[in-house]
Amino acid sequence: MVFYFTATGNSLYVAKQLDEAPLSIPQEMNKENRRYKDDRIGIVCPLFEFEVPSLVKEFIANSEFEADYFYLVVTYGMHHGGVAQRTQAWLESIGKPADYINTIIMHDNALIVFDMDQQRTVEAEKRVDEHIAAIKGDIAAKKAMIQPAPADETDFYQHFIEWIRRTGPMYAFPLYRVTEGCVGCGTCTRVCPRGCVRLENGRPIHDYTRCANCMACIQACPTKAIQFATVKEPNPNARYRNPHIALKEIIAANWQR
Ligand SMILES: Cc1cc2nc3c(=O)[nH]c(=O)nc-3n(C[C@H](O)[C@H](O)[C@H](O)COP(=O)(O)O)c2cc1C
């Protein structure tokens with residue numbers, strides 16, 4: 001049994017290779033009394049600001065898992081920053097330690113820091129499928145491992161400083177603005193895992209009290225009409241979705257009807 005959360009499809013791409021029918025965390029969150037039992041239970045999700053997203057933590061904290069082997073695979077784009085160790089410390093603090101936590105480097109979808117088109121040019125170097133195959137082998141063998149933090153943190157701190165420099169103003173609300181390019185199609189309302197985007201007079205309105213800031217709405221907008229309100233993006237004309245994942249799969253995973 002594999003659960004996943006995804007904004008742009010990377011984590012779903014991985015989850016689909018670990019299980020034929022992975023379960024969407026935003027959809028499972030709508031169920032009460034979440035109790036899951038299987039020989040192996042896994043969670044696949046992106047890294048958000050060097051942490052497992054709060055939505056995923058909420059799901060883990062408020063669900064019961066009965067498994068011989070409990071694991072997490074975290075997809076990230078540039079620096080995992082020792083997320084496995086930190087997540088294990090948190091899991092231990094809630095009495096749900098994992099047997100295995102690993103990360104996979106993929107396309108970095110943080111469009112506030114990176115140009116999505118430029119990221120496409122470095123995808124092959126990341127050898128995603130090779131890493132997935134290795135992780136699949138680990139899970140089949142029920143390998144016990146919590147990925148160590150990188151020995152040299154220099155790069156990580158440089159990345160972190162750059163992130164803060166760019167995203168600091170992002171937290172000035174409203175985060176997003178909608179340009180005249182909006183055609184009122186409502187895609188943004190359907191890819192939001194928190195159900196916090198609604199259309200009013202054919203224009204999207206965000207409820208920031210619930211926004212997970214996953215950027216799914218920006219990435220999926222077919223006319224690129226949702227943009228950051230206060231931060232200058234490296235390339236407002238480039239957007240990303242994992243090439244193996246269809247928009248309808250992201251909608252099925254996240255739509256809060
Ligand atoms: C809000 C946000 C924060 C992110 N933080 C990090 C980060 O700290 N380190 C990193 O390497 N990648 C970071 N990323 C990149 C994603 O973790 C990465 O692209 C991931 O594979 C996306 O998965 P998804 O397609 O399943 O949503 C971030 C992306 C977003 C949207």
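The values are calculated or read from the model by the stated rules, or taken from the named source; none is laboratory data. Remember, predicted model here, so these are calculated numbers, not experimental data. Reconstructed Cβ throughout: ideal geometry from the backbone, glycine too, with neighbour counts over all protein chains shown.
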Region 209-257, residues that are acidic (Asp, Glu) and in contact with a strand residue (DSSP E or B) (Cβ under 7 Å, 6 or more places away or on another chain):
Glu233
Among the candidates Tyr176, Tyr171, residue that is farther than 30 Å from Asp39 by Cβ, aromatic (Phe, Trp, Tyr) and either surrounded by 12 or more Cβ atoms within 10 Å (Cβ to Cβ) or modelled with pLDDT of 95 or more (or both)
Tyr176
Yes or no: region 7-14 includes at least one residue that is within 25 Å of Ala216 (Cα to Cα), in a strand (DSSP E or B) and within 13 Å of the ligand (Cβ to nearest atom).
no
Look at region 70-125 and say how many of its residues are out of contact with any Phe, Trp or Tyr (no Cβ under 7 Å at 6 or more places or on another chain), aromatic (Phe, Trp, Tyr) and farther than 20 Å from Asn242 by Cα.
2
So for region 8-20 (the condition being over 23 Å from Ile251 (Cβ atoms) and in contact with a Phe, Trp or Tyr (Cβ under 9 Å, 6 or more places away or on another chain)), does at least one residue qualify?
no
Which ones in region 201-225 are under 26 Å from Ala15 (Cβ atoms), in contact with a Ser or Thr (Cβ under 9 Å, 6 or more places away or on another chain) and surrounded by 16 or more Cβ atoms within 10 Å (Cβ to Cβ)?
Ala212, Cys214, Met215, Ala216, Cys217, Gln219, Ala220, Cys221
